[in-house]
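One structure is given below, encoded as structure tokens.
No lab work stands behind these numbers, since they all come straight from the coordinates. Since the model is a prediction, treat every value here as computed from it, not as a measurement. Cβ placement follows ideal geometry from the backbone for every residue including glycine, while neighbour counts extend to all protein chains displayed.
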Amino acid sequence: MKKRATAAVNQNKSWPFTSPENSTMETREMATRSDFAPAAPPSAAVLPQELITQILLYLPAKSIGRFRCVSKPWNSLLSSSYFIKSHLSLHSIHSPPNLIIVSSSDDSLFTITFTPKSSSRMSREDGVSRKLKNCQGMWDSLLGSCNGLVLILDCKNCLFLMNPTTLELVKVPDFSLALDTSASFSIHGFGYDSSSDDYKIVKLSCYDKRRVVVNKGTFVDVYSLKMKTWRRIENSPCDHSYPHGMHSGVLLNGAIHWLATDTSVEGSPDIVAAFGLSDEKFKHFGVPSCFNKRKSSAYKLAVVEGCLGMVCDVAYDTYQYYIWIMKEYGVQESWTKLRVNLPQNAQFFEPICQFGDEEVVFLMNGAKLVLNKLMERSSRNMVVSGVRPMDYFRIMTFCESLVSPSFRS
């Protein structure tokens, strides 16, 4: 009996905050409780379905993919069109943009996720890159981005739609009326048509005047992601063979924008051609007056601070860099000139995305990301972990979303 008591005391010494006297009483209570089956949870512990949905909506897109494996009802909910649209509406406003790049070294795809300012000050890194190993291929160009989907062209001139967050990749079917790529030029645009709840790819094609004598204008082909079909509509009234290169269209206010020239007017002035995704009609508005007087020239459109922006050629004599911002959409008189402070070795540059409230990320010389504070006219090179300077030559923004390239309305 004495040995048993001693053993009990020694055993109780390993239980923190428990004395030998109290341990005997606790043991009896535990034995008594173990004689009863566990009580059923109260009904108040079951959350309403509406509350569960609201909680799940605030999760990032990558987490939603894992939660789809919880059960069949959850998979059905999280894959529904209602949930995907609600999740996109919530996160497209509050979430920072991400970047997708085509590496110039091996034509592979990378994504760049920006580091929050609070942690970036400690790590001295502005972003982290990740190679998309599940999307191997020889990629050539990034042609458009909308609601988390990215339009990509590979080295065989095949179009693909991709969601870099979910890593879904779908090939866009070829169009039987497409022009021969060896004797023509093409530019693309991509966007969402809210009136028909459909994603559309717009392809503008024209014959190479050096190879084909007959001028047949600019063909306009539209692909519907909902219908999975191409169709050719009325030719564009503008000349899209712009002298500074045929860049992809810029999506803003439900329209895709390209720089072009108006051949119906004497002197063929430079214009911005806007293709409406709902009515599938072109409209155009003027560029800053100094452009058509050849005092300056633009070479690319962009979205800057939520407005249509235009990037100017570099003035190499003064090394001054400017962008024009259309403060009131569609109004030529609202173009505002804004000086950008960049290093003097910038041969060409383009705004990529907004970073914070007053900072804009620029791609300089196709090989370096620069963070610019427009109001303070200050800039610095960005540090991105895992990316060499020449690795981000072709770059585009995207938002994390659950939208599938195999779009289901």
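So the values come out like this:
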{"quantity": "Net charge of Cβ neighbours under 12 Å - reference MET138; Lys, Arg +1; Asp, Glu -1", "calculated": "-3"}
{"quantity": "Gained length - ASN134 relative to LYS283, 0.36 nm times residue gap less alpha-carbon distance", "calculated": "49.6 nm"}
{"quantity": "Length-normalised contact order of the range 222-262 in % [C-alpha pairs under 8 Å, at least 6 apart]", "calculated": "34 percent"}
{"quantity": "Restraint check, LYS156/LYS228; LYS226/LYS300; LYS216/LYS283; LYS226/LYS368, Cα-Cα greater than 27 Å", "calculated": "LYS226/LYS300; LYS226/LYS368"}
{"quantity": "Distance histogram in 5 Å bins (all Cα pairs of the range 94-242, percent per bin)", "calculated": "2, 8, 16, 18, 16, 14, 11, 7, 4, 2, 1, 0, 0"}
{"quantity": "Cβ-Cβ FRET estimate between GLU125 and SER182, R0 fixed at 35 Å, reported to 0.05", "calculated": "0.20"}
